[in-house]
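The block underneath contains the structure these notes are about, expressed in structure tokens.
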Amino acid sequence: MDFSARLGPIRQSAGRLRQLLNNEQMVVCFGSRAQLCFFLAGHLDEQQLAGAFTTAAEALHCIASQQPGYLLCSDQLEAGCGLELVIAVKQRWPALRTLLMIGGRPRPALLRAVVDAGCDGLLLENSLGQGTATSMLETVCRGGIVVDRALLTLLRERPMGPSAHAHLQNLSSRELEVLTLVCRGRNNAEIAQQLVIAIDTVKSHVKNLLLKLGAKGRTHAAVMALELGLVPWPQEVEPR
């Protein structure tokens, strides 16, 4: 693929990301040193970087000491596993926003465990340089949730149980509207604005959705909805 024409958009995307992070800090953990250097060279200001690593243990230690707002990591690391890193981070700091890049073909059970743990974004590594990755990262930074459509093939390898299907019948039309926007990566404030309802009402709908679907979090609920065809799949990741 010829990336020559992508240089300008890549720089523009990097600028948007720096503005979006503002005073927040991010930990970056990639197994590829070249990929790590490329990302650090143009996407973050020095004060926005809490640490950059190639091993899970180093990243976890930094997160424990620096308490950043975000983690961006790849599934394959020089030591450790990116999926297991995200699970460990979400167990200890559930509010920390995480975006995981999938380069290999992980076991479906482990991929679903990442979703169940509350990972905020899953994307394919080959999306890098095409604008999709930055748009997804922007959505995660804004409080939304994103899952690369292609990854659902792996998630579908373990069928949903019949109890999930039964719960879906209890969703109201308003709950379906909220669920659709959750799948689009909208946070509570954005959903409230779009549906012209109070943010506390949105929170109540989300809480009910999780109970009715038997989901462990917003990401889990979004994946369930997309797997079951309850909401239409977005044609592309929407720029924010």
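Karplus couplings for the stretch 214-220 from phi (6.51 cos²θ - 1.76 cosθ + 1.60, θ = phi - 60°), rounded to Hz, Gly and Pro as x?
In residue order, the calculated couplings are x, 8, 8, x, 4, 4, 4 Hz.
Using a 10 Å cut-off on Cβ atoms, rank the peptides 188-201, 23-36 from the highest mean neighbour count down. Working shown, then result.
Numbers: 188-201: 14.7, 23-36: 18.0.
Packing order, densest peptide first, comes out as 23-36, 188-201.
Taking one equal scatterer on every alpha-carbon of the stretch 162-228, how large is log10 of I(q)/I(0) by Debye at q = 0.28 1/Å?
Rounded to two decimals, the profile gives -1.34.
Per 0.36 nm of contour for each residue apart, how much would the distance between LYS203 and GLN47 grow if the chain were fully extended, relative to their Cα-Cα spacing?
Values: separation 156, 0.36 × 156 = 56.16 nm, distance 3.30 nm.
The LYS203-GLN47 span can extend by a further 52.9 nm.
If you put +1 on each Lys and Arg Cβ and -1 on each Asp and Glu Cβ, how big is the dipole of the stretch 162-228 around its Cα centre, in Debye rounded to 20? Don't jump to the answer; show the numbers that get you there.
Values: 8 positive and 5 negative charges, 28 e Å.
That gives the stretch 162-228 a dipole magnitude of about 140 debye.
Taking the Cα centre of the stretch 162-228 as the origin and placing charges on Cβ (Lys, Arg +1; Asp, Glu -1), which of GLN193, SER173, VAL223 is farthest toward the positive end of the dipole?
VAL223
Taking amide hydrogens as modeled 1.01 Å from N in the peptide plane, which residues meet the under 5 Å criterion relative to PHE53, leaving out close sequence neighbours?
It is VAL28, CYS29, PHE30, by chain and number.
Could you rank the peptides 82-88, 138-144 by their average count of other C-beta atoms within 10 Å per residue, with the highest value first? It would help to have the intermediate numbers written out before the result.
Details: 82-88: 22.9, 138-144: 20.9.
Highest-to-lowest ranking by the protection proxy: 82-88, 138-144.
Residues with amide H under 5 Å of VAL147's amide H, sequence separation 5 or more or different chain, H placed in the peptide plane at 1.01 Å from N; which?
Long-range HN contacts for VAL147: LEU122.
Read-outs throughout are calculated quantities, based only on the coordinates presented, and are distinct from any laboratory measurement. Note that the structure is predicted; figures quoted are calculated from it, not measured. Neighbour counts run over all protein chains shown; Cβ positions are idealised from the backbone, glycine included.
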